[in-house]
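J.: Mind looking over this structure? Questions follow.
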Amino acid sequence: MGPYPAMTFLGGLHQGDLDAVVRAGRRIVYRPGDTVLGEGSPSTSVVFVMGGTVKLVKSAASGRAVVLELRGPGEVMGDLGAIDGEPRSAGAVALDLVELLVLPAAAFLDLTRSRPGVPQAMIATLVRRLREASGRQLELGSSDVVGRVCARLAQLCTSHGQVSDDGVLLDRAISQQELADWCGSSRDSVVRALGELRHRGWIATGRQRVLVVEPDLIRARAEGPPD
C-alpha cells in the first residue's frame, strides 16, 4: 500500500495502482488561502491531496462560504463530477501549503477501466463519505454545541495542528463563523462554547488561532458529555 492513511483513496491502493495514478497526473502547489477548486466550475479533472489540508466550502443563500469538510493527504476531490459530468458541487480552499495531483477526468476514467483497484478504492471512499454523513446527522441530533465544537477542534488538531510543548496550535485554520457553520450552530452559540472551553483551561484563543491545551480532554468531550 502507499504512504497515505489507510482510510483514504490513495492509501487504499496497491503500489502499482498508486504509481499509475501518479504517472497520469501533474503536481501543483497552492499557498494558504488559495482557491483550489471553484464551486460550480466544470468537472474536467480529478484532484488528489498529496500534502497539506484543504477545506471544502459551499455558498449559502446569504453568499457566505460554509465549511463542509476537510480533505487531507491521500484524499480525492472531483471524482463524482468526473463520472456524471455535473459542475463541481463545492469549492476548495487551501488551509496550509498544499500539494495536489491533478488528473484529467478522461485519464481518471481510463484508470477505473484498466485498474480494478481504482474503482474499488472509489467505492470504499463513497461508503466512508456516507458513513460520515450519517454520523454527522446523528451528531446534530444528539450532541450539544460544546461537544460539536470539540469534535471539530479534534479534527483540526489531527489535520492541521502544530504540536508544541504548550499544546496543539490551530493557526488561521478557520474563523469562528466557519466553525459555527461547520458545527451547524449559530456563531453566538459557538462563541459561548469556546468561552466555556477557555474557562476550563482546555484552550486559549486569539485572532483566528486556537491553542488546544488539553487535546485529550477535547477528544473525550467530543465523544459525549461527562457523566
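J.: So, with +1 on the Cβ of K and R and -1 on the Cβ of D and E, and no other charges, what is the size of the charge dipole of the chain about its Cα centre, to the nearest 20 debye?
T.: On the way: 26 positive and 26 negative charges, 63 e Å.
That gives the chain a dipole magnitude of about 300 debye.
J.: A follow-up question, please. Between the stretch 37-60 and the stretch 92-121, how many Å separate their Cα centres?
T.: About 12 Å separates the Cα centre of the stretch 37-60 from the one of the stretch 92-121.
J.: Here's a follow-up. In the Gaussian network model of the chain, springs joining C-alpha atoms below 10 Å, which of Leu179, Leu101, Leu126 carries the largest mean-square fluctuation?
T.: Sorting by GNM fluctuation, first place goes to Leu126.
J.: Right, another one. Report the far tail of the P(r) of the stretch 73-121, meaning the percent of Cα-Cα pairs longer than 15 Å. All intermediate terms of the calculation are to be shown ahead of the outcome.
T.: Details: 628 of 1176 pairs.
Percent of Cα pairs beyond 15 Å in the stretch 73-121: 53.
J.: Carbon and sulfur together cover what percent of the accessible area of the stretch 97-227 at a 1.4 Å probe radius? It would help to have the intermediate numbers written out before the result.
T.: Working: 3660 of 7090 Å².
C and S fraction of accessible area: 52 percent.
J.: Another question, if that's okay. So, how do all the Cα-to-Cα distances of the stretch 1-60 break down into 10 Å bins, in percent, from 0 on up?
T.: Distribution as computed: 18, 45, 31, 5, 0 percent.
J.: Could you give me D for the stretch 146-191, from Stokes-Einstein at 20 °C and 1.002 mPa s, where the hydrodynamic radius is the Kirkwood radius over C-alpha pairs? Units µm² s⁻¹, please.
T.: 195
J.: Still on this model: Count charges around His199 for me, please; just the other residues with Cβ under 15 Å from its Cβ, Lys/Arg as +1, Asp/Glu as -1.
T.: +2
J.: Using r as the Cβ-Cβ distance of Arg31 and Arg200, and R0 as 45 Å, what FRET efficiency do you calculate, to the nearest 0.05?
T.: Approximately 0.80, to the nearest 0.05.
J.: With a ≥ b ≥ c the root eigenvalues of the C-alpha gyration tensor of the stretch 158-216, is it rounded (a/c under 1.5), prolate (a/b larger than b/c) or oblate? If you can, show how the numbers build up before the last one.
T.: Details: a/c = 2.08, a/b = 1.40, b/c = 1.49.
Since a/c reaches 1.5 but b/c is at least a/b, the shape of the stretch 158-216 is classed as oblate.
J.: So how strong a dipole does the stretch 159-198 carry about its Cα centre when Lys and Arg Cβ are +1 and Asp and Glu Cβ are -1, to the nearest 20 debye?
T.: 120
J.: Leaving out ligands and nucleic acids, and using a 1.4 Å probe, what accessible area per residue does the chain come to in Å²?
T.: 51
J.: Over the Cα atoms of the stretch 51-140, how large are the radius of gyration and the largest Cα-Cα distance (Dmax), in Å?
T.: Values for the stretch 51-140 (Cα only, Rg and Dmax): 14.4, 44 Å.
J.: Using only the Cα atoms of the stretch 90-189, each taken as one equal point scatterer with no solvent, compute I(q) by the Debye sum, divide by I(0), and report log10 of the ratio at q = 0.11, 0.12, 0.18 Å⁻¹.
T.: -0.52, -0.61, -1.06
J.: Still on this structure, please answer the following. So how far apart, in nm, are the two label points at Gln15 and Ser62 if each is 7 Å from Cα heading toward Cβ?
T.: 5.1
The values are calculated or read from the model by the stated rules, or taken from the named source; none is laboratory data. Small disclaimer: the values here were computed from a predicted structure and weren't measured. Because the Cβ atoms are built from the backbone with ideal geometry, glycine has one as well, and the counts that use them run over all protein chains shown. Accessible surface areas use protein heavy atoms only, side chains included; no ligands, DNA or RNA. Shrake-Rupley method; radii C 1.70, N 1.55, O 1.52, S 1.80 Å.
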